[in-house]
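The structure appears below as structure tokens.
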Amino acid sequence: MNRKEELLQDVVIKFAGDSGDGMQLTGSQFTNNTALMGIDLATFPDFPAEIRAPQGTLPGVSGYQLRFSSDQVFTPGDECDVLVAMNAAALKANLKGLKKGGKIIVNTEGFDTKNLRLANYPDGINPLEDNSLESYDVIRMDVTKMTREALKDITLGTKEKDRAKNMFVLGFLYWMYNRDMNSTIQFLQDKFGKKAEILESNLRALRAGYNFGDTTETFTTTYRVEKAKMAPGVYRSIMGNQALAYGLIAASQTSGLSLFLGSYPITPASDILHELSRHKAFGVRTFQAEDEIAGITSAIGAAYGGALGVTTTSGPGMALKAEAMGLAVILEIPLLIVDVQRGGPSTGLPTKTEQSDLLQAYYGRNGECPMPVVAASTPSDCFDAVYEAARIAIQHMTPVIFLSDGYIANGAEPWKFPKTEDLLPIEVKFKTELGHGEEKFQPYLRDEKLVRPWAIPGTPGLEHRIGGLEKQNITGNVSYDPENHQLMVKIRREGRKDCRLHPCPKAGQRPRKRRIARPWLGQHLRRHQKRRRRTPARRLCRRTRTPPPPAAIPEKSGRDPEKFPPGADPGDQQWSAHQDHTR
């Protein structure tokens, strides 16, 4: 039989079925096969929040979207060209995302009376029979029946045999897109090598799907996508949470600090905890805390003890960690708070993506509490971005918020991973003894960048006090003096401003702004106040109120007096933005 081969530039496939149909595995195997061919890609797993949603229902649909192209790919695509629907619910939930004229590969056994009822189709309505899909190219296959037929000689139960039907679909798509099956065969042998019957059932189903496409005269066209034009090098497929974990390990190894993760499991950030727990050989310590507050406070303790402290969470957990984030700010210690965003508010949409925590990251703490905010743009970018976040935290002795989201965390793409020598160094300076002429350790005596020293607890002669109460400048003693408080607010804000400019990963380039959000509150409010129309009463209030004398930053702070002369206010208004706001 003569078949024609059609060359395509860009394809988007959506695998959809019940949570137990193996759609995530099918999609990931097709993804790995695509990556090995040198084709650029992006993926987006889409699964229900319930551990085991009711079978056959709309809430129980699990999906995996893959886009692959001979050009550079930036997203998994808005609309798919091919929809694989294992049952009626999968078709109903995903049909709106299919292009007109697109292909629908359906498992006809999943469209019986029971499945149609569970998918909330009206009685007597079957989308495969009522011409509602006439604008699409529908490929009908009784996947369940053909899988059972291929496995009739294997002594497994019907339920176990049906678990291999995803391999039948995968084999058919390998034929449809001119693929070699060796990568999946090797995967199955590695995974089920000690379970001979399960291995054989999956291999038979995979080959049966491929042979079905090859021997059936119904299909006259196969498709091929050329290799993408990518920079030469060694690539691997990487998911966002994986890349983030590797970036943290790289920062730990480069800085020489041990890595500590204190985390409470929460979707979609839990995979970071899972991944880091596998790498104890690199000095990684992971702690699964009993709640979100314990997670961040354990990380704060690790950072105070001289480790790279990290805590991971999602939107609801960020709200719970807010007070402890303020503690890290007032202590001025390096800490990473990773927020893998999801839909909210409250519990919201645990497995659905929404970038809705930005304002919470900016302002979601009490008082003037500035923190740098770094965000990743793609799954592979998580490595570079979190590495840079760690550099900022250590260089400026400050907690840093790192923003990702479920779309980035669970998506995958090719990653040209860097060599160790290509990573920028992360310099760590521990204070080990009193300085020249220093009679007593001054924990808030700062350098030219307004960064205080990092002293490890137990170092002789460097005993000092910590806590959530406001600190006196230089000495670190508890202080309730309003002028000192205003001074410390200014110093913390000024010190974080330098975080906006940070060296690029490539040596020799000038510093640039890179995914770092403006973290301080006062500047934003000052602009807002200037735009507001002032009433006569408000103008009178500004004239009659007598401000306190501006607090000077002592020369011992190390701040350049020309850039910040004693008595100067960064806003050049004797009232700070916070004071304006609270009138």
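Below 8 Å, C-alpha to C-alpha, sequence gap of six or more: please give me the relative contact order for the chain in percent.
11 percent.
With a point put 7 Å past each Cα toward its Cβ, work out how far residue 52 is from residue 291 in nm, to one decimal.
In this crude label model, residue 52 to residue 291 measures out at 3.1 nm.
Just want the answer: with Cβ charges of +1 for Lys and Arg and -1 for Asp and Glu, which residue in 58, 76, 106 is farthest toward the dipole's positive end in region 4-225?
58
Magnitude of the Cβ-charge dipole of region 192-273, K/R +1 and D/E -1, about the Cα centre, nearest 20 debye?
With only Lys, Arg, Asp and Glu charged at Cβ, the dipole is about 200 debye.
Using the crude model of +1 on Lys and Arg Cβ and -1 on Asp and Glu Cβ, and no other charge, please compute the dipole size for region 4-225 relative to its Cα centre, in debye to 20.
Dipole size: approximately 520 debye.
Report the Stokes-Einstein translational diffusion coefficient (µm² s⁻¹, integer) for region 1-106, Rh taken as the Kirkwood radius over Cα pairs, at 4 °C with viscosity 1.567 mPa s.
Once the numbers are plugged in, D ends up at 91 µm²/s.
Please report the Cα spread of region 193-262 along all three principal axes, rounded to whole Å, starting with the longest.
Taking the Cα atoms of region 193-262, the three principal extents are 62, 40, 21 Å.
In region 68-201, with Lys and Arg counted as +1 and Asp and Glu as -1 at Cβ, which of these residues, 170, 189, 115, has the Cα nearest the positive end of the dipole, that is, farthest along it?
189
Name the long-range amide H neighbours of residue 431: under 5 Å, sequence gap of 5 or more, or other chain; modelled H, no Pro or chain starts.
Hits under the 5 Å cutoff: 454, 455, 456.
Note down the relative contact order for region 236-422 as a percent, whole number, built from C-alpha pairs under 8 angstrom at least six residues apart.
Relative contact order comes out at 29 percent.
Ranked highest first by average number of other Cβ atoms within 10 Å, how do 318-325, 244-251, 297-304, 213-220 line up?
244-251, 297-304, 318-325, 213-220
With 10 angstrom as the radius, rank 121, 264 by how many other C-beta atoms surround their C-beta, starting from the fewest.
Ascending number of Cβ neighbours within 10 Å: 121, 264.
Please go through the residue pairs 4/152; 161/352; 449/471; 352/490; 152/227; 103/145 and name each one whose alpha carbons sit more than 27 Å apart in this structure.
With Cα atoms farther than 27 Å apart: 4/152; 161/352; 352/490; 152/227.
Whole-Hz Karplus ³J(HN,Hα) for region 430-442, in order, using 6.51 cos²θ - 1.76 cosθ + 1.60 and θ = phi - 60°, x for Gly and Pro?
Per-residue couplings from phi come out as 8, 7, 10, 7, 5, x, 4, x, 8, 7, 9, 5, 10 Hz.
Using every pair of alpha-carbon atoms in region 283-375, split the distances into 10 Å bins beginning at 0 and state the percent of pairs per bin, rounded to integers.
Result returned by the calculation: 16, 50, 30, 5.
What size of dipole, in debye to the nearest 20, comes out for the chain about its Cα centre when the only charges are +1 on Lys and Arg C-beta atoms and -1 on Asp and Glu C-beta atoms?
It works out to roughly 2040 debye.
Quick one: what do you get for region 236-422 if you divide its Cα Rg by 2.2 N^0.38 Å?
0.92
Once the dipole of region 4-225 is set up with Lys and Arg at +1 and Asp and Glu at -1 on Cβ about the Cα centre, which of 208, 221, 93 lies farthest towards its positive end?
Farthest along the dipole direction, towards plus: 208.
Taking Cα pairs under 8 Å and at least six residues apart, what relative contact order does region 4-225 come out at, in percent?
This gives 22 percent for region 4-225.
Under the rule of -39500 (n - 2.57) per DSSP H run of 4 or more residues, summed and divided by the residues of the chain, what mean residue ellipticity at 222 nm is obtained, to the nearest 500 deg cm²/dmol?
-10500 deg cm²/dmol
Calculated FRET efficiency, residue 323 and residue 474, Cβ-Cβ r, R0 22 Å, to nearest 0.05?
Efficiency, from the Cβ-Cβ distance: 0.25.
Using every Cα-Cα pair within region 359-506, state what percent have a distance larger than 25 Å.
Looking at region 359-506, the distances longer than 25 Å represent 42 percent of pairs.
FYI, it's all coordinate maths here, none of it is from the lab. Here the structure is a predicted model, which is why all the values come from computation and not from measurement. Note that we place each Cβ from the backbone using ideal geometry, even for glycine, and neighbour counts take in every protein chain shown.
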